[in-house]
1. What is the local net charge at Leu74, summed over the other residues whose Cβ is closer than 9 Å to its Cβ (Lys, Arg +1; Asp, Glu -1)?
2. Which angle between 0 and 90 degrees, to the nearest 10, do you get for helix 79-100 versus the longest principal axis of the chain when only C-alpha atoms count?
3. Comparing Pro68, Pro102, Pro81, which has the greatest mean-square fluctuation in the GNM of the chain with Cα pairs linked when under 10 Å apart?
4. Which residue, Lys98, Lys83, Lys21, tops the fluctuation ranking in a GNM of the chain built on C-alpha contacts under 10 Å?
5. Give the relative contact order (percent, whole number) for segment 63-157; include only Cα pairs under 8 Å separated by 6+ residues.
6. When the chain is modelled as a GNM with alpha-carbon springs shorter than 10 Å, which of Met73, Met40, Met18 fluctuates the most?
7. Taking the Cβ of each residue in Thr51, Thr142, Thr131, Thr121 as the centre, tally the other Cβ atoms inside 10 Å and list the residues starting with the fewest.
8. Hey, what does the equivalent ellipsoid look like for the chain, semi-axes from the Cα gyration tensor as sqrt of 5 times each eigenvalue, largest first, whole Å?
Amino acid sequence: MPIRKNLPVHRDPYLPRMGPKEVAICRSCGAIYHRKRWSMENSPAVLKDRTLRSVTCPACPKKQDSFPGGVVMLSGEYLAPHKEQILHLVRNEEARAKRVNPLERVISIKDSLKSVEIQTTSDRFAQWIGTEIHRVFKGDVTYHRSRDDRFIRVKWHRGQER
């Protein structure tokens, strides 16, 4: 395994170095911070007999500021007739990802006539969406990472029906 020297360490400006000391709840989305982890579970054990500190989770300002960690571009002749199915898959994957990690979300979906652009809060989630679309709908997918590996651009294309 090569050692990477002299590479600057890029931190996500939306992630604080230290999380809240006590149990906290996001005032925008309702995510709970407990034991150094964000979750969407409203467990009675966590909420019982506790005063919850009201904070904002890192994903909410990222979504509000449109600061994506990844972009998924969908294109091709196959897209138009199957757009609803593909976007349904994206929404299902977002719901699944939020259950595991509520900081992974879709920021926006920009739909034009010939393409769809999906912005996500994390690079891993964008890569996951690209992988799932490729797995279900086939086509060609490419992944382009930034030099610091903190941003990814995923391009999916499928031509005619196979």
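1. The answer is +2.
2. On a 0 to 90 degree scale, this one is about 20.
3. The residue with the greatest mean-square fluctuation here is Pro81.
4. Lys21
5. The value is 38 percent.
6. Of Met73, Met40, Met18, the Gaussian network model singles out Met18 as fluctuating most.
7. Thr51, Thr142, Thr131, Thr121
8. 32, 21, 13
FYI, it's all coordinate maths here, none of it is from the lab. If you're wondering where the values come from, they're calculated on a predicted model, not measured in any experiment. Cβ coordinates were reconstructed from backbone atoms using ideal geometry, including for glycine residues, and neighbour counts include every protein chain displayed.
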